[in-house]
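Enquirer: Before I ask anything, let me first share the structure, which is written out below as structure tokens.
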Amino acid sequence: MDLVSLQNWLDNASFAVLFVTMLTYWVGVAFPKVQVLPTVGATGMAIANVGLAALLGARWLEAGYFPLSNLYESLLFIAWGITAVHFLAETTSQSRLVGAFTAPVAMGITAFATLSLPSQMQHSEPLVPALKSNWLMMHVSVMLLSYACLMVGALLAIAFLILTRGQAVELRGSSIGTGAYRDARYRLRRAGQEVAPPATVAPQATVAPQAAVALAAEEPVTASGNTAVLNPPQAATSQAAPLTPQRLSLADTLDNVSYRIIGLGFPLLTIGIIAGAVWANEAWGSYWSWDPKETWALITWLVFAAYLHARITRGWQGRRPAIIAASGFLVVWVCYLGVNLLGKGLHSYGWFF
Amino acid sequence: MAMNEPSSANSKGGFTILKRYFRRELLPLLADLRLAIVLLLAIALFSVSGTVIEQGETLAFYQANYPEDPALFGFLSWKVVLTLGLDHVYRTWWFLALLILFGSSLTACTFSRQLPTLKAARKWNYYTQPRQFEKLALSAEVDGQPANAALANLSQVLQTKRYLIFQDGNSLYARRGIAGRIGPIVVHASMLIVLVGSIIGSMTGFFAQEIVPSGQTFQIQNIFDAGPWAKSQIPKDWSVHVNRFWIDYTPEGAIDQFYSDLSVLDQQGNEVDRKTIHVNEPLRYHGVTLYQADWGIAGLRFHFNNSPKFDLPMVQLETGGKGRLWGAWIPTNPDLSDGVSVLARDLKGTVFVYDGGGSLTATIREGQSAEVNGVQLSIDEIIGSTGLQIKADPGIPVVYLGFGLLMIGVVMSYVSHAQIWALQEGDRLYLGGRSNRAQVTFEREILSVLETLQPIPHPENEEQGDKTSDRTPSPSMQ
């Protein structure tokens, strides 16, 4: 089997595997008691991840340069990135919800690359002079990895929003460390021996999320300051039970994992933009020229910077940062593909993109 | 002098009022995170407008595409576009004002918020009272711990998790990832450095473009953008000679790379530097950088029969966007009454010869000849011209410094700052901790630490908390 037919086989196989994986995760969410489904889903993701990596490797061998020169290759790379970041999110959160959101997106991207792109766009073409530089690999791979991280983080924010719809939420996890303190009502209840949270390690998903969320909902919003300050409750209660850790709820977990993964995508985006700026300066003489693509990369950066700051802002707590992150999903897509509809430039992928 | 006194006192009073206003009103407003978020999103939003509306086009273009009636969305006519400066968003006063406001907000935030937070994060206390652990979400008490060895065990466990450990008697404090507290400060500071560098660049730098035929010498003159203090940057005492310009083509005929062999000459015409540049590989000399940016066909070198060689300039023809084409008219008899048109598309070495009637009579390759109008026309060379982008930007070292620090800063900012306190009272060990970012992994870590400290707490043990005084430090809560 030669490299080209291997590639064809691999991209069709990856698409098929991802499709089955997506269905498995969805059924797994519908039937939480069936323990085998998340394992099957994770296996499917792993197969797709390896398949896409092999596909990109085959193209690297065939073309002789890192395969990130056209839309088809970048789509496959981003799909690979999403499956990779998926594992990070799934192992950290230990929640089967993650795959239900990441698998359809990875599947959709692979389907678009495999089925919708005209076949002449799927062939590797020689690089145009402007792209013949080691910076290409540096800049593009880091950018695409950051897109993958930001997309997965934004998807988890969407999952969080769906999970907590109709509730007010106090966020945990930010650069200043909001949310490391015990919930007032949690303590009161614990003192009254109504709630006995499990002290041993239990699967994250089984800790009742609604209770903690509903409790936090009653937290009054005090005077508008700048940074969130959580006042440790002063109520004097004699303690009936020993001190045990207050565990994170599922919503807390999803939100925190979303925050961490966006927190990973943000440095990557920064480094990617800077690599692009330095490359532009070395190759064309200007590190910033407000080209639509770089402007949109800056817009993406600004939106996620706003998200990171919203998390530490009093008065913007709760679902608002998650809404910014979720809208970041759209912004990343506009930056990745939408801009190319506006016109040709250095970042054109050929075809109508 | 006497007259000056009251006025100076007045201005002193005015200064204190200004200072107080700055401290009490302006600074808190500038350092307000909500202002920062609004600014971030506003810059994003206005940047979008610049990518949707075409930038830097002619008046006629905007008149054609943004008619007054019907206006786009009911208001966006060309008059609105031009009045608001939406044809050059990134250079309008209001966009630059937004950036300056953003820079001020960054500065204010760094000094009034971030530095104090870091100071607080570096200050820490041992927990000496069991009730201090109660406010932490992740805290527990474990009984049945050997009085002398429990803290040592714990310290060993934390050491393998790369914690920095402090111990004093029965109290233990451990922390990891203080870099995560410093990172955001580095990010903010480096963004200010980038802003400063870009301002230096726009004030003292210049951009120029030159189209130079192979074999000619030029001085940098065609400057299209220069800052107010850019005069000294523009080179007067050296010039550049284009030894040769050529294009490499792939076997399929696509352009592989453009090359210009350039020599830098001093005032006496001596070569002081030489380099063959191509796209992605510029020539730098005395702070000025020459980039390969464009190309063209300058002219044609040819001769008739045994005549000497002539150089004839070729001009680029209007093709209506259908590729690039250069042409020249060559007279074929001395009274110029007859001649042929010569066309060239590229530097691959072929010219097309058309007669007066407009039909193709010959194609001639470089170094070959063909008979036209009764004379032998030999094409010696198609002379290419190189398009050079030339610039000087003294702000670059500052900008790059900012870039470098920014990259380090954002990576540091990913680190999660984790703190763990422990207190031993008899055979009971109190353990608590908190982390600012990675709550999920920190929870897992605390639980795994607790597992090593078995047995699990007994429910019958009661703890009488002392509620009168709370000296608990809360380092980062500002």
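The values are calculated or read from the model by the stated rules, or taken from the named source; none is laboratory data. As the structure is a computational prediction, the values presented were derived from the model and not from experiment. Here the Cβ is made from the backbone with ideal geometry for all residues, glycine too, and neighbour counts use every protein chain on show.
Enquirer: Read through the list (1) within 13 Å of another protein chain (Cβ to nearest Cβ); (2) of a type outside the set (Lys, Arg); (3) in contact (Cβ under 8 Å) with a residue 24 or more places away in the chain, then give the number of the only condition that A:ALA113 fails.
Expert: It fails just one condition, (1).
Enquirer: Go through region B:74-98 residue by residue and tally those that are assigned to a loop (DSSP other than H, G, I, E, B), within 14 Å of chain A (Cβ to nearest Cβ) and buried (at least 17 other Cβ atoms within 10 Å of the Cβ). Quick ask: steps written out before the conclusion?
Expert: Keep residues of region B:74-98 that are assigned to a loop (DSSP other than H, G, I, E, B), which gives B:74-75, B:77, B:85-88, B:92.
Narrowing further to those that are within 14 Å of chain A (Cβ to nearest Cβ): B:85-88, B:92.
Imposing the further condition that a residue be buried (at least 17 other Cβ atoms within 10 Å of the Cβ) reduces the set to B:86-87.
Of the residues in that region, 2 qualify.
Enquirer: How many residues, within region A:280-300, are of a type in the set (A, V, I, L, M, F, W, C) and buried (at least 21 other Cβ atoms within 10 Å of the Cβ)?
Expert: Just the residues of region A:280-300 that are of a type in the set (A, V, I, L, M, F, W, C), to begin with: A:280, A:283-284, A:288, A:290, A:296-299.
Imposing the further condition that a residue be buried (at least 21 other Cβ atoms within 10 Å of the Cβ) reduces the set to A:283, A:296-297, A:299.
Final tally of qualifying residues: 4.
Enquirer: Let me ask you something else. Could you give every pair whose Cβ atoms fall below 9 Å, whose first residue belongs to region A:317-339 and is of a type in the set (D, E, K, R), and whose second residue is part of a helix (DSSP H, G or I), counting only separations of at least 6 or pairs across chains?
Expert: Pairs that qualify, where the first residue is of a type in the set (D, E, K, R) and the partner is part of a helix (DSSP H, G or I), are A:ARG319/A:PHE160; A:ARG319/A:LEU161; A:ARG320/A:ALA310.
Enquirer: In region B:257-276, what residues are within 11 Å of chain A (Cβ to nearest Cβ) and out of contact with any Pro (no Cβ under 7 Å at 6 or more places or on another chain)? Let's see the steps before the verdict.
Expert: Our first condition is that a residue be within 11 Å of chain A (Cβ to nearest Cβ); within region B:257-276, this holds for B:257-259.
Residue satisfying the conditions is B:TYR259 alone.
Residue by residue, here is whether (1) of a type in the set (A, V, I, L, M, F, W, C); (2) surrounded by 15 or more Cβ atoms within 10 Å (Cβ to Cβ) holds:
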residue	(1), (2)
B:ALA137	yes, yes
B:VAL157	yes, yes
B:ILE182	yes, yes
B:LEU195	yes, yes
B:SER198	no, yes
B:GLY201	no, yes
B:THR217	no, no
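To keep it simple, each residue is scored yes or no on (1) within 11 Å of chain A (Cβ to nearest Cβ); (2) touching a residue at least 40 places away in the same chain (Cβ under 8 Å); (3) over 43 Å from the mean Cα position of the chain (by Cα); (4) surrounded by fewer than 22 Cβ atoms within 10 Å (Cβ to Cβ).
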| site | (1), (2), (3), (4) |
| --- | --- |
| B:VAL375 | no, yes, yes, yes |
| B:GLU381 | no, yes, no, yes |
| B:VAL415 | yes, yes, no, yes |
| B:GLY426 | no, yes, yes, yes |
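Enquirer: I would also like to ask the following. Identify the single condition in (1) more than 31 Å from the chain's Cα centre (by Cα); (2) at negative phi; (3) not β-branched (Val, Ile, Thr) that B:PHE111 does not satisfy, given that it satisfies every other one.
Expert: Exception for B:PHE111: condition (1).
Enquirer: Restricting attention to region B:89-104, and to residues there that are in contact (Cβ under 8 Å) with a residue 12 or more places away in the chain and of a type in the set (Gly, Ala, Ser), which single residue is farthest from B:ASP32 (Cα to Cα)?
Expert: B:GLY103
Enquirer: What are the residues in region B:383-405 that are facing chain A (nearest Cβ under 9 Å) and either surrounded by fewer than 22 Cβ atoms within 10 Å (Cβ to Cβ) or not in a helix (DSSP H, G or I) (or both), if any?
Expert: Taking region B:383-405 as the starting set, the residues that turn out to be facing chain A (nearest Cβ under 9 Å) are B:389-391, B:393, B:396, B:399-400, B:403-404.
Passing the criteria: B:GLN389, B:ILE390, B:LYS391, B:ASP393, B:ILE396, B:TYR400, B:GLY404.
Enquirer: Restricting region A:30-45 to residues that are part of a helix (DSSP H, G or I) and surrounded by fewer than 16 Cβ atoms within 10 Å (Cβ to Cβ), which is farthest from the chain's Cα centre (by Cα)? Steps first, answer last, please.
Expert: Quick first cut of region A:30-45, residues part of a helix (DSSP H, G or I) only: A:30, A:36-45.
Checking the rest, the ones that are also surrounded by fewer than 16 Cβ atoms within 10 Å (Cβ to Cβ) come to A:30, A:36, A:39, A:43.
Working: A:ALA30: 22, A:VAL36: 25, A:THR39: 21, A:THR43: 20 Å.
Per the stated criteria, the residue is A:VAL36.
Enquirer: Would you pick out the residues in region B:272-331 that are in contact (Cβ under 8 Å) with a residue 24 or more places away in the chain, more than 24 Å from B:ASP380 (Cα to Cα) and over 31 Å from the mean Cα position of the chain (by Cα)?
Expert: B:VAL272
Enquirer: Now, a different point. Taking region B:237-254 as the region of interest, how many residues are in contact (Cβ under 8 Å) with a residue 12 or more places away in the chain and either assigned to a strand (DSSP E or B) or out of contact with any strand residue (DSSP E or B) (no Cβ under 9 Å at 6 or more places or on another chain) (or both)? Spell out the reasoning first.
Expert: Taking region B:237-254 and keeping what is in contact (Cβ under 8 Å) with a residue 12 or more places away in the chain, we get B:237-247, B:249, B:253.
So of that shortlist, the ones also either assigned to a strand (DSSP E or B) or out of contact with any strand residue (DSSP E or B) (no Cβ under 9 Å at 6 or more places or on another chain) (or both) come out as B:237, B:239-247, B:249, B:253.
Counting residues in region B:237-254 that are in contact (Cβ under 8 Å) with a residue 12 or more places away in the chain and either assigned to a strand (DSSP E or B) or out of contact with any strand residue (DSSP E or B) (no Cβ under 9 Å at 6 or more places or on another chain) (or both) gives 12.
Enquirer: If I filter region B:230-242 down to residues being surrounded by fewer than 14 Cβ atoms within 10 Å (Cβ to Cβ) and not acidic (Asp, Glu), which single residue comes out as nearest to B:GLY269 (Cα to Cα)?
Expert: Going through region B:230-242, the residues surrounded by fewer than 14 Cβ atoms within 10 Å (Cβ to Cβ) turn out to be B:231-232, B:236-237.
Within this subset, residues satisfying the condition of being not acidic (Asp, Glu) are B:231-232, B:236.
On the way: B:LYS231: 23, B:SER232: 22, B:LYS236: 13 Å.
Among those that are surrounded by fewer than 14 Cβ atoms within 10 Å (Cβ to Cβ) and not acidic (Asp, Glu), it is B:LYS236.
Enquirer: Moving to a separate point now. Which of (1) farther than 24 Å from B:PHE403 by Cα; (2) crowded, with 17+ Cβ neighbours inside 10 Å; (3) at pLDDT below 90; (4) not aromatic (Phe, Trp, Tyr) is the odd one out, the single condition A:GLY350 does not satisfy?
Expert: Here A:GLY350 clears every test but (2).
Enquirer: Name the single residue, out of those in region B:124-161 being within 19 Å of B:ALA418 (Cα to Cα) and of a type in the set (Lys, Arg), that is modelled with the lowest pLDDT.
Expert: B:LYS135
Enquirer: Now for a different question. Please specify each residue of region B:277-294 satisfying the condition of being within 9 Å of another protein chain (Cβ to nearest Cβ), in contact with a Gly (Cβ under 9 Å, 6 or more places away or on another chain) and part of a strand (DSSP E or B). Please lay out each step first, then the result.
Expert: Keep residues of region B:277-294 that are within 9 Å of another protein chain (Cβ to nearest Cβ), which gives B:278-282, B:289-293.
Checking the rest, the ones that are also in contact with a Gly (Cβ under 9 Å, 6 or more places away or on another chain) come to B:282, B:289-293.
B:THR289, B:LEU290, B:TYR291, B:GLN292, B:ALA293, listed by residue number.
Enquirer: Okay, next question. Would region B:105-121 turn up any residue that is within 13 Å of chain A (Cβ to nearest Cβ), crowded, with 16+ Cβ neighbours inside 10 Å, touching a residue at least 24 places away in the same chain (Cβ under 8 Å) and under 13 Å from B:GLY432 (Cα atoms)?
Expert: Checking region B:105-121: not a single residue is within 13 Å of chain A (Cβ to nearest Cβ), crowded, with 16+ Cβ neighbours inside 10 Å, touching a residue at least 24 places away in the same chain (Cβ under 8 Å) and under 13 Å from B:GLY432 (Cα atoms).
Enquirer: If A:SER289 satisfies all but one of (1) facing chain B (nearest Cβ under 7 Å); (2) among the polar types (S, T, N, Q); (3) closer than 23 Å to B:ILE390 by Cα, what's the number of the condition it fails?
Expert: The one condition A:SER289 does not meet is (1).
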